[in-house]
Amino acid sequence: MESAWQGRSFVETAIGLLKGGDSNRAMAVAKEAFDLGQIHGDKQQVAVALIVKAMGCVHAGDPFGAVSSLEAAHAADSEHMLGAYAQISRRLFPTRIFPPTEDLSELAIQQAEVDRLEELHRTILQEPTDYQGYVDRSLELGQIDTEIYGEAEEESLALVTESGIRQDFILCDATAAILAADDPSAKEGCYIQRSTCWSSRPQLWAGFEEFDLRCYQHEVADVRQAIACDIPPGGAYDLDLARALLHTNQLDEVMHLVPTNPMELEPDDVEAWLAIQADALQRSGQYAEAVEARSLLVVMQEDAYSTARSLQLLDRAECYLELGKFQEALDDVERLLQVEPQQITSAVFLRYRIWLRMGRWDEVQATIEGDESEMASAWIARRVRAEYLMKLNRWEEAKADLLALIEAVPDVEWEAHRDLAEVYSQLGQADRAAEHSAQSKAIFDALEPWDR
């Protein structure tokens, strides 16, 4: 039987446009084909046009539109939609472009693994039935993508864009798996897998709060769908739901899910629930309780890999600072710098905030006036002091620090211009405030996506 998309010239036209990077024209072609399909009652054409639209959304960085288009395509023609999606999507799935690396042996290992998985990914049948296996392979491939991107020392817009496209293809694969599943137990696992995709998607394009929040809202929705498919209900996904709800800051529901005494759980679950409890308590302003939970985690992770432990120290220091326990906060920061040098920037920022709250202004000033070898620390100290002076409504002093920051690095200090606009506004100088607000926006808009 002929596949739903074969013989439809608009598909080839759209694929060519997408491969050429013109997603807008490709979606325009799909829209025209969709309208004609509607007029003539051709449900196959409607479905295929929606699949092409989904692929256009993927290339345009819109995973939400891609998923909803696939769902609409399945509703239009469930008989042929999955086969058409498999054939069209695998022709557009981008090949991995590796970032530069000095470790050629590691690169070779990564490339071999990706080649193996991509070969599996592209061997899907003409009329696929094993969508569960299909999405498993996609998720495995996506995890490698995320790890490679996270380790990349040389970032580029091409790498960011390509990684996002691949991740959105994986979201589409997970959606196809959900649509293909014919019973609740099969859908259950697919929803959890897609929730994982939504959770990891912001990591490849972080910094856009609205985009991130929508991803996390979809994550919550998919976990809830998995729970609805869990028959009989057994609480198997409470941990997944709590993590997802943390992403969307639904703290009351998170705390409702946290077991009354996490320490009585199975060992593998204790740390996970304690971490969730600590995050929820800290975000809701219950700092003393959060310190208790984080202290347990610090002890439990004494022999764990250093990053997990150091993050608990950093967060506990923040709690101590909010509680006015400055020496305890400073002790955690100094300990953090000993066990996890990679956290040095976050820890140094926090150290200067603590010094200022303790009244150690002279030490902050001495850091600012230090020798050139410590310029990074001097910049951080001045940045932190400017923010603290603004909180104290000491506008003239804050202005001096912000102007010094801009003078030092004029082309990148968009935050200093933003804060200086606030300072001038408070000083009643509206024209100067507008000038710095405009400069802040211009510098920000000129940044590369990952710097935003």
(request) Quote to one decimal, in nm, the extra length available between residue 22 and residue 249 on full extension: 0.36 nm per residue of separation minus the C-alpha distance between them. (result) 78.0 nm
(request) May I ask you to list the lysines whose Cα is less than 22 Å away from that of residue 53, ignoring any residue fewer than eight positions away on the same chain? (result) 19, 31, 43
(message) Around residue 220, under 10 Å between beta carbons, what's the net of Lys plus Arg minus Asp minus Glu among the other residues?
(response) -2
(request) Give the cross-link partners of residue 399 among the lysines, using a straight C-alpha distance below 19 Å as the criterion and excluding same-chain residues fewer than 8 apart. (result) 391, 441
(request) Give me the distance in nm between label points sitting 7 Å out from Cα along the Cα-to-Cβ direction at residue 422 and residue 331, one decimal. (result) 3.3
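Expected output is a single nm value to one decimal: the length gained when fully extending between residue 396 and residue 408, i.e. 0.36 nm times separation in residues minus the C-alpha distance. What is it? Walk me through the numbers before you get to the answer.
Details: separation 12, 0.36 × 12 = 4.32 nm, distance 1.87 nm.
In short, 2.4 nm is gained.
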(request) Could you work out how far apart the two model spin labels at residue 12 and residue 444 are, taking each label as a point 7 Å from the Cα in the direction of the beta carbon, and quote it in nm? (result) 4.7
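Would you please put 249-258, 190-199 in order of how densely packed they are, using the mean number of other Cβ atoms within 10 angstrom per residue and starting with the highest? Before the final figure, lay out the partial values.
Working: 249-258: 15.7, 190-199: 23.7.
Ranked from most to least packed, the peptides come out as 190-199, 249-258.
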(message) Could you derive backbone 3J(HN,Hα) for region 177-182 from the dihedral phi with the Karplus parameters 6.51, -1.76 and 1.60 (θ = phi - 60°), listing whole Hz in sequence and x where the residue is Gly or Pro?
(response) 5, 5, 5, 7, 5, 10
(request) Under 14 Å from a label point 7 Å along Cα→Cβ of residue 185: give me every residue in region 221-242 with its amide N that close. (result) 229-233
(message) If packing is taken as the average count of other Cβ atoms within 10 Å, what order do 267-279, 81-93 fall into, highest mean first?
(response) 81-93, 267-279
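Read-outs throughout are calculated quantities, based only on the coordinates presented, and are distinct from any laboratory measurement. Small disclaimer: the values here were computed from a predicted structure and weren't measured. Note: ideal-geometry Cβ built from the backbone for every residue, glycine included; neighbour counts use all protein chains shown.
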